[in-house]
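The values are calculated or read from the model by the stated rules, or taken from the named source; none is laboratory data. Since we're looking at a predicted model, the values are computed, not measured. Positions of Cβ are generated from backbone atoms using ideal geometry, with glycine treated the same way; all protein chains shown enter the neighbour counts. Side chains included, ligands, DNA and RNA excluded: accessible areas come from the protein's heavy atoms. Shrake-Rupley method; radii C 1.70, N 1.55, O 1.52, S 1.80 Å.
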Amino acid sequence: MSYKQVNTLFLILIGFNDQEIVCLSGAHALGRCHTTASGYDGPWTPTPTTFNNAYYTLLSNLNWVPKEWDGPYQYVDAPTGRLMMLPTDLVLLQDKSFAKYVKEYASNPKKFDYDFTVAFQKLEELGTNNLTPCDWA
């Protein structure tokens, strides 16, 4: 089973639909990957401290190519190589049931903001249990 299938199955099992899965992926507009934490490297957007729909517009409009390096498999934007996407991000374009929401959120930031608020509240209300701390946390 692929990472995308495992991740999607997990979110489905805890009660998320395709729209909510794509919507929560928009949190990638914030922050960046660090090799010391995940092995991956780089920001998803040029504004990693601003919550907006840039993740979807960049995912949809830039050409993503495999990054040539010794780290885990990831993509970088072909024009500059400064932005990154994970394989699971690109799946959102490849899967038709996900792609329609990527397109919608890329063109409608107010819809994304509203839907994210609802999906994130649902995620928060589910709570957590049995968390295991890791060395870097």
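So Ala37 clears everything in (1) at pLDDT 95 or above; (2) open to solvent by 30 Å² or more (accessible area, probe 1.4 Å); (3) hydrophobic (A, V, I, L, M, F, W, C) except one condition, right? Which one?
Going through (1) at pLDDT 95 or above; (2) open to solvent by 30 Å² or more (accessible area, probe 1.4 Å); (3) hydrophobic (A, V, I, L, M, F, W, C) one by one, Ala37 breaks only (1).
Given the options Glu104, Glu125, name the one that is without any contact (Cβ under 8 Å) to a residue 12 or more places away in the chain, within 23 Å of Ile14 (Cα to Cα) and part of a helix (DSSP H, G or I).
Testing whether each residue is without any contact (Cβ under 8 Å) to a residue 12 or more places away in the chain, within 23 Å of Ile14 (Cα to Cα) and part of a helix (DSSP H, G or I) leaves just Glu125.
Please verify whether the range 25-38 includes one or more residues that are assigned to a helix (DSSP H, G or I) and basic (Lys, Arg). Spell out how you get there, then give the answer.
Taking the range 25-38 first, the residues assigned to a helix (DSSP H, G or I) are 25-29.
Next, from what is left, pick out any that are basic (Lys, Arg): none.
No: zero hits.
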